[in-house]
Structures are given as C-alpha cells and as structure tokens.
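Below: the structure, in structure tokens.
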Amino acid sequence: MKYCSKCNVKVNTDLKKCPLCSMVLSVWKTSDSNPVPLPTCDMDVEKYPKSDAGVTDKYNFVFRLFFFITVVIGSTCLLINLLYYSGVLWSLYVIGTLLYLWITVAYPLFVKRKIGHIIVITTLSTSIYLYSLELATRSSGWGLSYVTPFLFIAATLMITFIIFLRRLKWREYSIYQTIMVILGFLPVIFCITGLVTPIWPSILSAFYSFLTLAGMFIFADKKYKNELIKRFHL
Amino acid sequence: MTLRSRSARNDNKWYKLDNAAKIYPAISGPSRGSVFRVAVQLKCDVNPLILQEALAITLPRFPTLAVKMKKGLFWYYFESNPAIPEVTVEKAPPCRAIDTDETNGFLFRVSYYKKRISLEMFHALTDGTGALAYLKSLTSQYLTLLGLGVFSDDSILDYEVHPSFDEIQDSFEKYYDPRIKSRWTEEKAYHIYGTRLAPDTLDIIHGIIPLKSFLSLVKENNTTVTEYLTALLIYSIYSTQLKSRVCYAPVKISVPVNLRNFFPSRTLRNFSSYVNAGLSFTEKDYSFEQILNVVSATMKNEVTQEKFIRKISANVKAEKNMLMRLVPLVLKNVVLKSAFSAFGENLFTCSFSNLGAVGIPDTMADYIDRFEFVLGPPVINLLNCSVCSYRNDMIMTFSKVMHETDIERFFFRFLSEKGLDITIETN
C-alpha cells in the first residue's frame, strides 16, 4: 500500500506515481501513531491484467491487396477508355465484372457468412450480372429467360440438400429456403410483363418453388411456421 | 413480455428484445460495445473449473440470458442458445465489445482474474440489476461447489426454482400508458475536453470510500448518495474545466434509475430509465452547495412514477408505431443509428450509475471482499462513472478514455478534504 501526500489518498496498486496527480508515492505505514483502519479489501497489488497493446487490424493484408488491385485495374481502364473514347464505354464491362467478382468471390472469402446466405447472394448477383450483360450486348433471350429460372431452381435445390444433410441446423437454413422460394416466383412476373420470350423455364421455376414450399409445410409444419413467426414478427 | 414457446422443446424459445434493449444492437459494433461489468472479488483465487461448473448449473435458471441474438426481417430477437458459455481468463481492456464468435453466441462473458469473477454484459440483455442478480447466483453456486455451504436468502435467486414469468417479461410494455403524449426534448450538453486514449484501451480508477463516514457526510447535507455524488461530479467538471468561463451548454449527468423501485416489477431484463441532472454555468462563481441544491431539486422533481411513465410511454409508443414496425430491420438500424448519433451521448456530459448497496446472505459475506460495477467506455464522451457499495465500502469507479486525470483528482481530493479515508486502485 502506498500513499500520496498531495491528494491525501492511499494507492493500492503497484505504482511509482500517483494515478491522480503523478506525485511520487510514499509507502503507507500502518503502524503510525494515529492508525487509520484499513479498508476490508485484501491488499492485492495487481488488480487488472496488463493490456497487450497491439491493436488488431480489422482487414488483413490480402484484403487490402486485392482491393488495391481492383482499384488500379478499374481506374486504369476508365482512364484509357475516356482518353481514347470511341463511342463505347467498354470500361463499364470491366468495372461491372470486377464488382461481380467481389460479390461472388471476395465477399464469401473475407466475410464470414452462412453458406445459405452466400448461395442467395451469388444467385441474385449472377442473375443481375448476366441480365445487364444481356442488355448491354443487346443479345436478348438467354439470361433472364433461361439462366435465371434454372439458377433459382438450382439454388433452391442446393439449400434443400443442405437441410437434409444438416438436419440439426435446419432452422438456420429454412430462412434461406424461404427467400429462394420467394425469388423462385419472380420469373412469373417477368412472364407477365413480357420480359422473357420462351416462358416455360420461368413457369418451371415457379412450379418448383411451389413444390418446395408445399414440402416444407407438409414435413415441418409447426416448426416451420414458428420459424417464420420468429423471423417475420412485427 | 412474449415468451412464445409453443413447443415443449427448450431450443425453440424466443424473446422479443425489450423496449430499452432495441437501441443497442443498432448502435453497437466493435468500437461501441454497449457492455458493462459487474464483478465480485473473493478472498481467494478463483478456480476456473469450478466456476465453469457453477456457470453451467445456474445459467438455465436465467432463460433470458442464455440466448443468442438473431435477425428477423423487421426486428432482432433472442433465441435460446443450447451451447454452454466458456469461462475465460480476463483479458484487457475491461468492458470490450462482446464478440459472439468467442462466446459461442452468448451476449455476455464470464471471466476471472486472480480473485475476481467478472460478468460482462451486453446491455440489450439486461441492466445492472439483472446482471447483479445473475452474478450473485453464480457466485453463491460457486461457493457452494467449493464446499463452503449452501447460501439461500431473499437476496439471491435459487437456481433450482423455476424462473417466474415476472422475471422474463418486458416491464416497459406492461407499465406504459398509451394515452400519454410526450416528446423527447433535450438540450445538448457540455462535453468534457481531453486527450483521447488509443483505441481498445480503457482506464479504470476505483476509489474505495468508507461507507459509514460517507453516509454521515451525506446526511449532514440533507441529501442522498446519488444526489451528492452527482453534484460532486458536476462540481469537479465545473472546477477543472469551466471555472470563470461562461458556458451556455449545461453540464448534465445522465443518472440511470432502476424502475423496479417505482413499479412492482421483478424482471431480469432491462427496466431502467434515466434522469439528466445538471445546470449551465452562466455566472461567475458556483459553490458545491449551490450545485447540490440544483441537483436535489431536479431529482425530487424528476424521480417520480408519473415522470417515468411519461418517459417510457414515449419510447414504447415509438416502438409500437405501425410505420416504424413495418420498416425492414436494415433500414431501422440506419434510422436508430443516426438518431442516436444526433442525440444519444450528446445530451449528457457523462453517465453516473449507482447500482446501490449489494445485499447477499450474511453467511456468504465471509468469502466476499467486495463488488465492483464498471461502465463500458463512452464513444463521444470521455468519461463514465459508476458506484456500488457492499458492507463497509463504497466503490466509486471512473471508466475513461482520456489521459487527463483532473476530474478524478478533484473529485477524490474533495472527499479526502472532508475527512474521508480514500484508497485508489487503477488498471
């Protein structure tokens, strides 16, 4: 136990200087002529673990490296494109592709997410990416009409498989299954608005979604309903 | 409220976040933990294996703590967590944000260091009172497993008794009044200036004050412990930073109030409100007595059941607003976050939380040195204070993210000049 004569307080931590005023501490003697009752607490010297100072880096080096490379490629292409402009903004293809790669490759690598989450994100971003390519190249008739519905079916099927494989964790995945089922009905809207020409893949996607939904209610009715209430409570 | 367990299986239980809890997930992250700590210091070193066993035994008694947080489309919710939390050795800094990857999804952390058992709690789960109730049950079970006896008393929740519905309800929802029209209107407060510490550090200064002599000092002034300490805190800030300077922004201390004292609630979830007490220093000189009078008057005026009903009604009604409810969680978080950064910590200069006297069975007292209550680091402000008392000692704690120590120095020197025998501890 030490003592600071300036602050008139005792200091119960192993320090050379007073934590309040930085005065050099003297040793507190209990055998004074005027004994002061000690506080009931035990005289521990070290009350707290030492801080291991080093602040951890939130993003690691690999992340920063890839991010920098992306910026270099993207901005270089944009610069060249603008300097030698020939009527086509071709650099947007490059930037769009880089963005797509970040969402589908880098995001799952760097951000810790559930596989269901990644499947949903990948499906959605691939559909959007292909549809914009389709629009940009004016080669209509493949992305939204064929790829998107089949991609949705494949993703729904994949999540169904995962639920079967990891039955204990079905609750985690049922929410992604629900999202995929809702997405699976989207192509029907494309049919109605006339965005897709052969409508059978879109109808098939909606039908498959319907079957999956029916299966979920039939095989896990109460539990599934509870899960939906939890996730969607207002 | 709303314990919805339609299935008998334990793992299917889920809870809505209580009204006060709803803000915390939106505003918290690695840099703002919203974590506070209650700790107990025993007379001998903690045995981690036995503490782990005590934790596993007592946790099921506290179903609203044994949860993980999940995202719904509109709100967060708590879901029973079947895992068992791990007791860890304490790591610096205290009250750092809870990383659910480290805690098996739990939103609290039980750690030990030498003689101390610390319970660090994410504020969305419960407030100081709820956390202390759990810490006491855990400690008593720990001591029992050590073979030191069985401790039971009104002051401790028995782990063998089934939790009552009262304990898991959202009392805000129970006691609010839907007819009350109320708005939040508060003035921005003065902010302490100082040099900020490096990130991920928290300085803690405990001052151990003999309770009896302090109480007689408080009695002399015809006031209460909270009022006296709040006034002294304001006086310390005024004397070190504002003296002979005109400052129109008021120095306001946010004092949390345990609403269980005003309503017949036994909930173990959040149930506290706050009073912002303070004044602006527009004239030249202020004495401690002057400040104390203002603080006492504010407290007498504000600390009443009607005022608290008014306060909680505004919050519960905001939560129940259909428009607010229909907004997806992602957007809600943005709204809450920006509202909090606009108001939140700007409305007060510092927090001062009084946990009160910690009561335990007399037979248990032989094994316990003291209890500590530490608030986590503030983000905009630089300083938080808390106090709790146990038997003969009162422990005042400054948790701060600034280098300067003027305020604490003034604070403790003031008390020691009043003849109190103060012991300082620091990390």
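The values are calculated or read from the model by the stated rules, or taken from the named source; none is laboratory data. All values reported here derive from a predicted model rather than from experimental measurement. Virtual Cβ from ideal backbone geometry, glycine too; neighbours counted across all protein chains shown.
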Filtering segment B:188-227 for residues that are among the charged types (D, E, K, R), under 24 Å from B:E289 (Cα atoms) and surrounded by 14 or more Cβ atoms within 10 Å (Cβ to Cβ) leaves a count of 1
Of (1) away from chain A (no Cβ under 14 Å); (2) at pLDDT below 90, B:K320 satisfies every one except (1)
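Among the listed residues B:K68, B:K91, identify the single one that is of a type in the set (D, E, K, R), within 12 Å of chain A (Cβ to nearest Cβ) and not in a loop (DSSP other than H, G, I, E, B). It would help to see each step written out before you state the result.
On the way: B:K91 fails: not in a loop (DSSP other than H, G, I, E, B).
Selected residue: B:K68, the only one of B:K68, B:K91 that is of a type in the set (D, E, K, R), within 12 Å of chain A (Cβ to nearest Cβ) and not in a loop (DSSP other than H, G, I, E, B).
When you scan segment A:166-186, do you find a residue that is surrounded by fewer than 16 Cβ atoms within 10 Å (Cβ to Cβ) and under 30 Å from A:L98 (Cβ atoms), even just one?
Within segment A:166-186, the first condition is being surrounded by fewer than 16 Cβ atoms within 10 Å (Cβ to Cβ), and the residues that meet it are A:166-169, A:182.
After this cut, where a residue has to be under 30 Å from A:L98 (Cβ atoms) as well, the list is A:182.
Checked against the condition, which is being surrounded by fewer than 16 Cβ atoms within 10 Å (Cβ to Cβ) and under 30 Å from A:L98 (Cβ atoms), segment A:166-186 yields at least one hit.
Tell me, which residue of segment B:77-88 that is in contact with a Leu (Cβ under 8 Å, 6 or more places away or on another chain) and within 30 Å of B:K400 (Cα to Cα) is farthest from the other protein chains (Cβ to nearest Cβ)? So that I can check it myself, show each step before the final result.
Pass one, segment B:77-88, residues in contact with a Leu (Cβ under 8 Å, 6 or more places away or on another chain): B:77-78, B:84-85, B:87.
Keeping just the survivors that are within 30 Å of B:K400 (Cα to Cα) gives B:85, B:87.
Values: B:P85: 19, B:V87: 15 Å.
Ranking the qualifying residues of segment B:77-88, first place goes to B:P85.
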Checked segment B:150-178 for anything of a type in the set (D, E) and surrounded by 18 or more Cβ atoms within 10 Å (Cβ to Cβ); matches are B:E167, B:D170
Those strands (runs of 3 or more DSSP E) completely within segment B:341-416 that have 2 or more residues that are in contact with a His (Cβ under 7 Å, 6 or more places away or on another chain) and within 14 Å of chain A (Cβ to nearest Cβ) are B:393-400
Among B:E160, B:E167, B:E120, the single one that is within 22 Å of B:V46 (Cα to Cα) and assigned by TED's automatic domain parsing to the domain that holds B:A54 is B:E120
Only unsatisfied item for B:I98, checking (1) within 12 Å of chain A (Cβ to nearest Cβ); (2) part of a loop (DSSP other than H, G, I, E, B), is (1)
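Per-residue answers, yes or no, for (1) small (G, A, S); (2) at pLDDT 85 or above; (3) within 26 Å of B:V327 (Cα to Cα):
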residue	(1), (2), (3)
A:I162	no, yes, no
A:R167	no, no, no
A:L195	no, no, no
A:Y208	no, yes, no
A:L213	no, yes, yes
A:Y224	no, no, yes
Restricting segment A:1-19 to residues that are facing chain B (nearest Cβ under 9 Å) and farther than 19 Å from B:P210 by Cα, the one surrounded by the fewest Cβ atoms within 10 Å (Cβ to Cβ) turns out to be A:K6
A:V105 passes all but one of the listed conditions (1) crowded, with 16+ Cβ neighbours inside 10 Å; (2) out of contact with any Phe, Trp or Tyr (no Cβ under 6 Å at 6 or more places or on another chain); (3) among the hydrophobic types (A, V, I, L, M, F, W, C); (4) closer than 26 Å to A:I182 by Cβ; the exception is number (1)
Output for Cβ contacts, cut-off 7 Å, separation at least six or different chains, first residue among the β-branched types (V, I, T) in segment B:316-334, second surrounded by 14 or more Cβ atoms within 10 Å (Cβ to Cβ), reads B:V316/B:N19; B:V316/B:F172; B:V316/B:E173; B:V316/B:Y176
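Within segment B:327-339, can one find any residue that is basic (K, R) and closer than 30 Å to B:L65 by Cβ? Walk me through it before giving the result.
Of all residues in segment B:327-339, those basic (K, R) come to B:332, B:337.
Retained after the next criterion (residues that are closer than 30 Å to B:L65 by Cβ): B:332, B:337.
Yes, because at least one residue in segment B:327-339 is basic (K, R) and closer than 30 Å to B:L65 by Cβ.
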From the option list A:Y100, A:Y129, single residue qualifying as at pLDDT 85 or above, assigned by TED's automatic domain parsing to the domain that holds A:F150 and under 24 Å from the mean Cα position of the chain (by Cα) is A:Y129
Test: residue in segment B:333-349 that is under 19 Å from the mean Cα position of the chain (by Cα) and closer than 21 Å to B:T129 by Cα: no
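Quick check on A:P149: is it in contact with a Phe, Trp or Tyr (Cβ under 9 Å, 6 or more places away or on another chain), crowded, with 20+ Cβ neighbours inside 10 Å, in contact (Cβ under 8 Å) with a residue 40 or more places away in the chain and away from chain B (no Cβ under 12 Å)? Please lay out each step first, then the result.
Working: in contact with a Phe, Trp or Tyr (Cβ under 9 Å, 6 or more places away or on another chain): yes; crowded, with 20+ Cβ neighbours inside 10 Å: yes; in contact (Cβ under 8 Å) with a residue 40 or more places away in the chain: yes; away from chain B (no Cβ under 12 Å): yes.
Yes: the conditions hold for A:P149.
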B:K91 being touching a Ser or Thr at 6+ places or on another chain (Cβ under 9 Å) and modelled with pLDDT under 90 | yes
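Inside segment B:155-233, counting only helices (runs of 4 or more DSSP H) that do not spill past its ends, which hold 1 or more residues that are over 30 Å from B:Y77 (Cα atoms), in contact with a helix residue (DSSP H, G or I) (Cβ under 8 Å, 6 or more places away or on another chain) and away from chain A (no Cβ under 14 Å)?
Working: elements: B:165-168, B:171-175, B:211-220.
Qualifying helices (runs of 4 or more DSSP H): B:211-220.
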Checked B:S399, B:S389, B:S416, B:S353 against criteria (surrounded by fewer than 22 Cβ atoms within 10 Å (Cβ to Cβ) and modelled with pLDDT of 90 or more); the one match is B:S416
Contact list, first residue from segment B:238-253 and assigned by TED's automatic domain parsing to the domain that holds B:L382 and surrounded by fewer than 18 Cβ atoms within 10 Å (Cβ to Cβ), second anywhere and among the acidic types (D, E) and part of a strand (DSSP E or B), beta-carbon distance below 6 Å, six or more apart or interchain, is none
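Being facing chain A (nearest Cβ under 7 Å) and of a type outside the set (A, V, I, L, M, F, W, C) is the filter; apply it to segment B:417-427 and report the residue that is nearest to A:W28 (Cα to Cα). First the steps, then the outcome.
From segment B:417-427, those facing chain A (nearest Cβ under 7 Å) are B:421-427; that's our starting set.
From what is left, the residues that are of a type outside the set (A, V, I, L, M, F, W, C) are B:421, B:423, B:425-427.
On the way: B:D421: 13, B:T423: 11, B:E425: 14, B:T426: 17, B:N427: 20 Å.
Among residues in segment B:417-427 that are facing chain A (nearest Cβ under 7 Å) and of a type outside the set (A, V, I, L, M, F, W, C), the one nearest to A:W28 (Cα to Cα) is B:T423.
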From the option list B:L55, B:L73, B:L59, single residue qualifying as in contact with a Pro (Cβ under 9 Å, 6 or more places away or on another chain) and either part of a loop (DSSP other than H, G, I, E, B) or within 14 Å of chain A (Cβ to nearest Cβ) (or both) is B:L73
B:R37 vs (1) out of contact with any Cys (no Cβ under 7 Å at 6 or more places or on another chain); (2) part of a strand (DSSP E or B): all pass except (1)
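Only one residue in A:Y176, A:Y131, A:Y224 is within 14 Å of another protein chain (Cβ to nearest Cβ) and touching a Gly at 6+ places or on another chain (Cβ under 7 Å), so which one is that?
Going through A:Y176, A:Y131, A:Y224 in turn, the sole match is A:Y176.
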Filter pass, B:Y142 being assigned to a helix (DSSP H, G or I), of a type in the set (F, W, Y) and closer than 18 Å to B:L355 by Cα:
no
